[in-house]
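Student: Following this message is one structure expressed as structure tokens.
Every number in this text was worked out from the coordinates using simple rules, so none of it is lab data. In this text the structure is predicted, and so the values were computed from the model without any measurement. Quick reminder, even Gly has a Cβ in these numbers, built from the backbone with ideal geometry, and neighbours come from all protein chains shown.
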Amino acid sequence: MRKLLASVAVLACALPAAAGASVHGPGDGTLSVRDARGAFTVNARGGVIGTFARGRVVITDPDPNDGTGPIVTGDDWHKDRSDTTTVYGGTKVRFRLIGGLFKIRVIGVGVNLSVVGRGTVGLTGEGTADDGTYSIDGGDYVSVPETATSFTLP
């Protein structure tokens, strides 16, 4: 009986780890943005988790059946632009989309983003001394550029 319980416990621990591993597929890129100020655009297939202290996020989810869909908390207001695009704004806003194709554009201060997937990213700081930092694929954090900068997540 103890062997059975031990086996079940090991299996119970292994299943969530295996499920989480499937979200980050081979060849996916990563982006991390910390305490940033400016405009940040991600057009990708994968997942994103983000927050901002003050600002707005425009979320486009073209296929509501290919992932979680947008999950947003803390917004003071929101407005539907179309069947697939909604703008959320306010202070201390949190959002996430896990799985599938999405496009987000965050304009604000105190922006934090974690992205895993494949697609394109655009960053533009406000030009202040503390526009925050970002890291690509686990590399060193560097300052958010003042001029519009784009790159591809593999």
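Student: Identify, from the list Thr120, Thr86, Thr60, Thr68, the residue that is touching a Gly at 6+ places or on another chain (Cβ under 9 Å) and β-branched (Val, Ile, Thr).
Tutor: Criteria check complete, one pass: Thr68.
Student: Residue by residue through the stretch 78-107, note down the ones that are of a type in the set (Val, Ile, Thr), more than 13 Å from Val42 (Cα to Cα) and more than 12 Å from the chain's Cα centre (by Cα).
Tutor: Scanning the stretch 78-107 gives Thr84, Thr85, Thr86, Val87, Thr91, Val93.
Student: While we're looking at this one, here's another question. List every residue pair whose Cβ atoms lie under 9 Å apart, where the two residues are 6 or more positions apart in sequence or sit on different chains, the first residue falls within the stretch 60-81 and is free of Cβ contacts under 8 Å to residues at least 24 places away in the same chain, and the second residue, located anywhere, is among the β-branched types (Val, Ile, Thr) and assigned to a loop (DSSP other than H, G, I, E, B).
Tutor: What qualifies is Pro64/Thr84.
Student: Within the bounds of the stretch 69-86, is there any residue that is surrounded by fewer than 14 Cβ atoms within 10 Å (Cβ to Cβ), touching a strand residue (DSSP E or B) at 6+ places or on another chain (Cβ under 7 Å) and within 19 Å of Thr149 (Cβ to Cβ)?
Tutor: No: zero hits.
Student: Across the stretch 24-40, what is the total count of residues that are under 10 Å from the mean Cα position of the chain (by Cα) and closer than 13 Å to Ser150 by Cβ?
Tutor: Within the stretch 24-40, residues that are under 10 Å from the mean Cα position of the chain (by Cα) and closer than 13 Å to Ser150 by Cβ number 1.
Student: I'm told Val115 meets every condition in (1) over 13 Å from Val33 (Cα atoms); (2) surrounded by 17 or more Cβ atoms within 10 Å (Cβ to Cβ) except one. Can you identify the failing condition by its number?
Tutor: (1)
Student: Taking the stretch 122-154, which residues are charged (D, E, K, R) and either without any contact (Cβ under 8 Å) to a residue 12 or more places away in the chain or touching a helix residue (DSSP H, G or I) at 6+ places or on another chain (Cβ under 6 Å) (or both)?
Tutor: Asp140
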